[in-house]
Amino acid sequence: MLNRPLMLKLWLLVIVVAKSLPINSPAYGQIIQTNPQQPESFQERIRQQQEEQNQQTQEQMKETWLRLNLQEPQLQQQQRIQQQEFSRQRQEMIRQQQFRLQQQETRLQQQEFSRQQQLRIQDQQLRQDQQLRQQQELRLQEQRRQQQLRQQKGNL
């Protein structure tokens, strides 16, 4: 089975040829030429009109053939090019989205790393503070003990 564009071309060609047939048919020309009641100049004008119409019809057929056989493939090629460009742009957009997602993921990982580091630093500072407090508490206890010992010696 023929494809749709080819069928359309054939139908258009048949229509153009069918329109041109009555003008080109020998019977039509004979009727005009063999009518003795019409003057020679009138018959000549009719013949010229027929020739002009024949030329116009041939030009129309030529234009139709050119349009169908040259322009349509160009249109199809333009469509293919547009589709390819659309696909390329779509791929580029997807690539850019993936890149942005990767950047965002990297930023999130960096933020998480920084947060973990801050937590470690805070934990380390808390331990150091606890150690200092314990040391101070031990010094205070030692000072109290020394003071109690002095007081006991002083009381004896």
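In this rough spin-label picture, where each label sits 7 Å from Cα along the Cβ direction, the LEU6-TRP65 distance is 1.8 nm. Positive end of the dipole of the range 80-132, charges at C-beta (+1 Lys, Arg; -1 Asp, Glu), about the Cα centre: which of LEU101, LEU119, ILE81 has its Cα farthest in that direction? Toward the positive end, the furthest listed residue is ILE81. The simple Förster model, with R0 at 41 Å and r as the Cβ-Cβ distance, assigns GLU85 and GLN50 a FRET efficiency of 0.25.
The modelled label-to-label distance for the pair LEU149/GLN77, using points 7 Å beyond Cα in the direction of Cβ, is 10.7 nm.
Read-outs throughout are calculated quantities, based only on the coordinates presented, and are distinct from any laboratory measurement. Small disclaimer: the values here were computed from a predicted structure and weren't measured. Glycine gets a Cβ as well: all are built from the backbone with ideal geometry, and neighbour counts include every protein chain shown.
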